[in-house]
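The structure appears right after this line, and notes come after that.
The values are calculated or read from the model by the stated rules, or taken from the named source; none is laboratory data. Bear in mind the structure is a predicted one, so any value in this text is a computation, not a measurement. Cβ: placed from backbone, ideal geometry, glycine included. Neighbour counts: every protein chain shown.
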Ligand code: CMP
């Protein structure tokens, strides 16, 4: 079981002023921030980051959404990080997310769903390395 996961506070949550409350929930849940930046993805970045979804009907919409404004990306450390973080953020579709989860509180719909969380230890490592160099991880 891995001890790191990768997250992005997505453009919708940034636009709506939810960076602070979301970071508060993350740190209160016991996650330690070991890397973090405020940044905006280029179309090329977003297409590469979401390459696994490139055949999906929502791919272009996803790329447009994720590049329309700044995001906060971070690497988080905690025992059982991937699984515990996915529990904290809730289901991909906020309509199905449990009460008190970040998506239930802050997401609009399945596309504009406020926050990303890696789905496996392997992807957490790949996604973290996509956004951060070794010298940016503390
Ligand atoms: P996430 O699970 O972080 O990564 C893939 C993203 O694709 C997902 O969040 C949503 O933002 C988006 N997504 C997934 N399913 C749909 C859908 N049916 N329509 C639009 N966007 C979607």
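Scan the stretch 110-126 for residues that are buried (at least 23 other Cβ atoms within 10 Å of the Cβ), more than 17 Å from residue 34 (Cα to Cα) and away from the ligand (no atom under 12 Å from the Cβ) and the total you get is 0.
Just one of (1) part of a helix (DSSP H, G or I); (2) out of contact with any helix residue (DSSP H, G or I) (no Cβ under 7 Å at 6 or more places or on another chain) fails for residue 99. It is (1). Remark: residue 85 falls outside the filter, which requires a residue to be in a helix (DSSP H, G or I) and either within 9 Å of the ligand (Cβ to nearest atom) or touching a helix residue (DSSP H, G or I) at 6+ places or on another chain (Cβ under 7 Å) (or both).
Taking the stretch 78-89 as the range and being farther than 16 Å from residue 18 by Cα and under 14 Å from the mean Cα position of the chain (by Cα) as the test, the residues that pass are 81, 82, 83, 84, 85, 86, 87. Every test in (1) more than 21 Å from residue 120 (Cα to Cα); (2) within 12 Å of the ligand (Cβ to nearest atom); (3) in contact (Cβ under 8 Å) with a residue 60 or more places away in the chain is passed by residue 57 save one, and that test is (3). Residues in the stretch 35-54 that are touching a residue at least 12 places away in the same chain (Cβ under 8 Å) and either farther than 23 Å from residue 82 by Cβ or crowded, with 16+ Cβ neighbours inside 10 Å (or both): 35, 36, 38, 40, 41, 42, 43, 45, 46, 47, 49, 50.
Of all residue pairs spaced 6 or more apart or on separate chains, those with beta-carbon atoms under 7 Å, a first member in the stretch 105-116 that is over 19 Å from residue 57 (Cα atoms) and a second member that is near the ligand (Cβ under 9 Å from one of its atoms) and part of a helix (DSSP H, G or I) are 115/89.
To keep it simple, each residue is scored yes or no on (1) surrounded by fewer than 17 Cβ atoms within 10 Å (Cβ to Cβ); (2) within 14 Å of the ligand (Cβ to nearest atom); (3) at pLDDT 95 or above; (4) more than 14 Å from residue 8 (Cα to Cα).
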| site | (1), (2), (3), (4) |
| --- | --- |
| 67 | no, yes, yes, no |
| 78 | no, no, yes, yes |
| 91 | yes, yes, yes, yes |
| 101 | no, yes, yes, yes |
| 104 | no, no, yes, yes |
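Among the numbered conditions (1) in contact (Cβ under 8 Å) with a residue 40 or more places away in the chain; (2) away from the ligand (no atom under 15 Å from the Cβ); (3) in contact with a helix residue (DSSP H, G or I) (Cβ under 6 Å, 6 or more places away or on another chain); (4) within 21 Å of residue 126 (Cβ to Cβ), the only one that residue 32 does not meet is (3).
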